[in-house]
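The values are calculated or read from the model by the stated rules, or taken from the named source; none is laboratory data. Just so you know, these numbers come straight off a predicted model, no measurement behind them. When we count neighbours, we look across all protein chains shown, and the Cβ atoms used for this are built from the backbone with ideal geometry, even at glycine. Side chains are part of the model used for accessible areas, which takes the heavy atoms of the whole protein and leaves out ligands, DNA and RNA. Shrake-Rupley method; radii C 1.70, N 1.55, O 1.52, S 1.80 Å.
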Amino acid sequence: MNLEVTNLSKEKKPYFPMFVDLSQKKVVVVGAGTIAKRRIRTLLDFTDRLVVIAPEVNRELIELEEAGKLTILRKKYERDDIYDADLVIAATNDFQTNNDIYNVCKCTGITVNVCSDKNKCDFYFPGIARKDNIVAGVTASGNNHRAAKEAVEKIRSIL
C-alpha cells in the first residue's frame, strides 16, 4: 500500500498560521549572534524556560539572565544540550553545527528552526505585533519580507 502524499498543485501553498502555548515549554537557542538575539527577544514574551547555549554572550543577554528571564549555558553546543528541549533554534554561524542540531532534532522529534536554511525549519518566525494578550503574526511565506514587515507595522499601529 502506498501512503505517499503528493502535492498535485504546481503552486506553493502559503504557510499556515499556528499559535502554540510555549509558556511551559523548554525552548533552546543555540547561538548568541544578531539573528539569535532577535529570536531570543521575540521568545521572551512567550516562554519562561528559555535556554541560550553559546560560548560567549553580550551584555544584553547577561542582563536578561540576571533578571531571571533566561538561562545561559556558556559553552559550545553538545547534543546532550537539546535532548529535553521542546523547541530548538539553531542560530550559530557554523553550518556543521546547525546541521547537527537539525539532524538531532529530526531524529528525536523536537521541533526545530535552522535560521540559516529555510529548508531545515519545522516552523518560521513571523513578524509579531502584540498588545497585551492580542498577538498577530505575519508572514509572506518567505517570499517578500518587506511586505510582511510593512503589514506588521500597520497592525502595530492599529493595536
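Condition first: on the phi < 0 side of the Ramachandran plot, touching a residue at least 24 places away in the same chain (Cβ under 8 Å), open to solvent by 90 Å² or more (accessible area, probe 1.4 Å) and not aromatic (F, W, Y). Can you find one or more residues in the range 124-133 that meet it? Give the steps one after another, and end with the answer.
Filtering the range 124-133 for residues on the phi < 0 side of the Ramachandran plot gives 124-131, 133.
Those still in the list that are touching a residue at least 24 places away in the same chain (Cβ under 8 Å) too: 124-131.
Still in the running and open to solvent by 90 Å² or more (accessible area, probe 1.4 Å): 130-131.
From what's left, not aromatic (F, W, Y): 130-131.
Looking through the range 124-133, at least one residue is on the phi < 0 side of the Ramachandran plot, touching a residue at least 24 places away in the same chain (Cβ under 8 Å), open to solvent by 90 Å² or more (accessible area, probe 1.4 Å) and not aromatic (F, W, Y).
Restricted to the range 27-59, and to residues that are surrounded by 14 or more Cβ atoms within 10 Å (Cβ to Cβ), in a helix (DSSP H, G or I) and among the charged types (D, E, K, R), which residue is farthest from the chain's Cα centre (by Cα)? Among those residues, the one meeting the criterion is K37. For I62, the stated conditions do not hold, so it cannot be described as of a type in the set (A, V, I, L, M) and either crowded, with 16+ Cβ neighbours inside 10 Å or on the phi > 0 side of the Ramachandran plot (or both). Could you tell me whether the range 125-140 includes any residue that is modelled with pLDDT of 95 or more and in a strand (DSSP E or B)? No, because not a single residue in the range 125-140 is modelled with pLDDT of 95 or more and in a strand (DSSP E or B). Does K106 qualify as being basic (K, R), more than 22 Å from A129 (Cβ to Cβ) and either out of contact with any Gly (no Cβ under 9 Å at 6 or more places or on another chain) or crowded, with 19+ Cβ neighbours inside 10 Å (or both)? Criteria met by K106.
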